[in-house]
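Let me begin by presenting the structure, written as structure tokens, before commenting on it.
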Amino acid sequence: MPIEKKVQASTAAAAVSGLALWSLGHYVFKGTVPDVVASWVYVLVPAVITFGAGYLAKHTPRSAPVAPAAPPPAEPAGM
């Protein structure tokens, strides 16, 4: 079975969200990120990015489920 597009987008976003902490430390704090900020970033950034990616990704089309075939009618007794 193929993996749904929403799952792929959310997974990729969660993996890439670690770059946000690196960018914050490198460009904003010019060194190490304070522990309080890092802890909030580790909680909020992956959640927001993953939610956004999953929300914006298109649904994977699914085919309608096939109903099981009806059993053949029973023959009347005594024929």
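The values are calculated or read from the model by the stated rules, or taken from the named source; none is laboratory data. Remember, predicted model here, so these are calculated numbers, not experimental data. A quick note on method: Cβ atoms are made from the backbone with ideal geometry, for glycine too, and the neighbour counts reach across all protein chains shown.
Computed quantities for the displayed model
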item: Cross-chain or 6+ apart pairs with Cβ under 6 Å, the stretch 1-22 first and under 12 Å from Thr50 (Cβ atoms) and aliphatic (A, V, I, L, M), then outside any helix (DSSP H, G or I) and at pLDDT 80 or above; result: Ala9/Ala57
item: Of all residues making up the stretch 9-47, the number that are of a type in the set (Gly, Ala, Ser) and under 22 Å from Lys58 (Cβ atoms); result: 8
item: All positions within the stretch 57-79 that are aliphatic (A, V, I, L, M) and more than 19 Å from Pro2 (Cβ to Cβ); result: Ala67, Ala69, Ala70, Ala74, Ala77, Met79
item: Subset of the stretch 35-79 that is surrounded by 10 or more Cβ atoms within 10 Å (Cβ to Cβ) and polar (S, T, N, Q) - its residue that is nearest to the chain's Cα centre (by Cα); result: Thr50
item: Residues of the stretch 23-55 that turn out to be touching a Lys or Arg at 6+ places or on another chain (Cβ under 9 Å) and touching a residue at least 40 places away in the same chain (Cβ under 8 Å), as a count; result: 2
item: Residue among Ser23, Ser10, Ser39, Ser63 that is at pLDDT below 80 and of a type in the set (S, T, N, Q); result: Ser63
